[in-house]
1. Binned at 5 Å from 0, what are the whole-percent values of the Cα-Cα distance distribution for the chain, short to long?
2. Could you tell me how far the Cα centroid of segment 108-143 sits from the Cα centroid of segment 226-256, in Å?
3. Could you tell me the calculated FRET efficiency between Ser216 and Arg196, based on Cβ-Cβ distance and R0 = 25 angstrom, to the nearest 0.05?
4. At 24 Å minimum axial length over the Cα atoms and a Kyte-Doolittle cut of 0.0, report the qualifying DSSP H helices in the chain, or say none.
5. What would the Debye formula give as log10 I(q)/I(0) at q = 0.11, 0.13, 0.22 Å⁻¹ for the alpha-carbon point model of segment 124-256, no solvent?
6. Ranked from highest to lowest mean number of other Cβ atoms within 10 Å per residue, what is the order of the peptides 126-135, 146-155?
7. Set the Förster radius R0 to 25 Å, insert the Cβ-Cβ distance between Glu168 and Phe44 as r into 1/(1 + (r/R0)^6), and round the FRET efficiency to 0.05.
8. Between Asp187 and Glu109, what FRET efficiency comes out of the Förster formula 1/(1 + (r/R0)^6) with R0 = 30 Å and r the beta carbon distance, rounded to 0.05?
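Computed from the coordinates by the stated procedures, all read-outs in this text should not be read as laboratory data. Because the structure is a prediction, the values reported are computed rather than measured. Every residue, glycine as well, gets a Cβ built from its backbone with ideal geometry; the counts of neighbours run over all protein chains shown.
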Amino acid sequence: MPPLTATPLAEPAVPLRADARRQRVLLKISGEALMGPGDYGIDFGTVRRIAGDVGAVVAQGIEVCLVLGGGNIFRGIAGATVGMERASADYMGMLATVMNGLAMQNALESLGVPTRVQSAIPMATVCEPYIRRRAMRHMEKGRVVIFAAGTGNPFFTTDTTAALRAAEMNCDRLFKGTQVDGVYTADPKRDPGAKRFERLTYREMLNRDLKVMDASAISLARENGIPIVVFSIHRPGAFAEVLGGRGPCTVIEEGR
């Protein structure tokens, strides 16, 4: 297979459709991103900073929904590796995403951004059940919707949840906020010579087994024609920048 090389951008990185309909995007954030400088749990300063970035995008009139991972509290796959039954471990991971969702909701609403948490596992005391049409109506009213508890089923990652919800919500783009500012040829934290790709196709992601999102998520996005934008969630203001076609990122979409 020939080597994969970065392709320079010939146009803004993330042009949204210029039609009369308000744009709608989904932002996927890993649970680890919410730890801040810590090794475990939720750093509320970090959550509030990310909430501010989300609020800045909402203020532009863009409809936003979120999917948060739970790895800062519990990872189902990690529980399975130490002897837990996989389904039970995954359900625990789903509950961790609800905790993160409630923390993000609190941070957003403290900044004046109306927010709803919808859980795929019903728990009416703390949040709404996931109802597709209700979620869409919330966004039409300017509310941020946080999708929690994954798909509600074990053996599926929150990356797959993000692709699924993006398809269900008719999102224009799926943004993944990660620890680095895009997809690299190797781990840039370990290999100083790693190069960042400006653009990749879904097929290149799958064939090269680039570990940014799992194969199920990539395939689901591909089948529904949803471009994926990978950027660093740790750089303040990066979400709004990549939405405007500025700032470092990697765009994953169908080849032309």
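1. Result returned by the calculation: 1, 6, 14, 18, 21, 18, 12, 7, 3, 1, 0.
2. Each part reduced to its Cα centre gives a spacing of 25 Å.
3. Details: r = 24 Å, r/R0 = 0.97.
For Ser216 and Arg196, the calculated efficiency is 0.55.
4. Values: long enough: 86-110 (36 Å, 0.23).
The qualifying helices are 86-110.
5. Results for segment 124-256 at q = 0.11, 0.13, 0.22 Å⁻¹ read -0.43, -0.60, -1.43.
6. Working: 126-135: 14.8, 146-155: 22.9.
The most tightly packed comes first, giving 146-155, 126-135.
7. Values: r = 30 Å, r/R0 = 1.20.
Efficiency, from the Cβ-Cβ distance: 0.25.
8. My answer for the efficiency is 0.25.
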